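Structure record follows, encoded as structure tokens.
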Amino acid sequence: MNLNLRNAIVHNVAGNSQDELRDTIVDAIQNGEEKMLPGLGVLFEIIWNNSTDEEKAEMLQALEQGLK
């Protein structure tokens, strides 16, 4: 992923409230457009990098269950 794209995505949501972030995520998922995937990936990267090992384990468990 181009670093400029990553920075643009972060810039677009920086300062958003939790409700606004939730709306962004839900809209991207419900819309189902491929062009939204990089943005969701950047948001997930931020979540992952700011999570504890326990939170990461919970996310991996949820992902594993969702893929079954």
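Computed from the coordinates by the stated procedures, all read-outs in this text should not be read as laboratory data. Quick caveat: nothing in here was measured; it's all calculated off a predicted structure. For neighbour counting, all protein chains shown are included, and Cβ atoms are generated from backbone atoms with ideal geometry for every residue, glycine included.
Can you say whether S51 is surrounded by 10 or more Cβ atoms within 10 Å (Cβ to Cβ) and either hydroxyl-bearing (S, T, Y) or on the phi > 0 side of the Ramachandran plot (or both), as far as the supplied structure shows? When the stated conditions are applied, S51 passes them. Of the residues L21, L43, L67, only one is in contact (Cβ under 8 Å) with a residue 24 or more places away in the chain and either out of contact with any helix residue (DSSP H, G or I) (no Cβ under 6 Å at 6 or more places or on another chain) or surrounded by fewer than 10 Cβ atoms within 10 Å (Cβ to Cβ) (or both); which? Step by step, each of L21, L43, L67 is checked, and only L43 is in contact (Cβ under 8 Å) with a residue 24 or more places away in the chain and either out of contact with any helix residue (DSSP H, G or I) (no Cβ under 6 Å at 6 or more places or on another chain) or surrounded by fewer than 10 Cβ atoms within 10 Å (Cβ to Cβ) (or both). What about N12, is it outside any helix (DSSP H, G or I), surrounded by 10 or more Cβ atoms within 10 Å (Cβ to Cβ) and of a type outside the set (A, V, I, L, M, F, W, C)? It is false that N12 is outside any helix (DSSP H, G or I), surrounded by 10 or more Cβ atoms within 10 Å (Cβ to Cβ) and of a type outside the set (A, V, I, L, M, F, W, C). Candidates in segment 15-63 are the residues that are in a helix (DSSP H, G or I) and among the polar types (S, T, N, Q); of these, the one that is farthest from L5 (Cα to Cα) is Q61.
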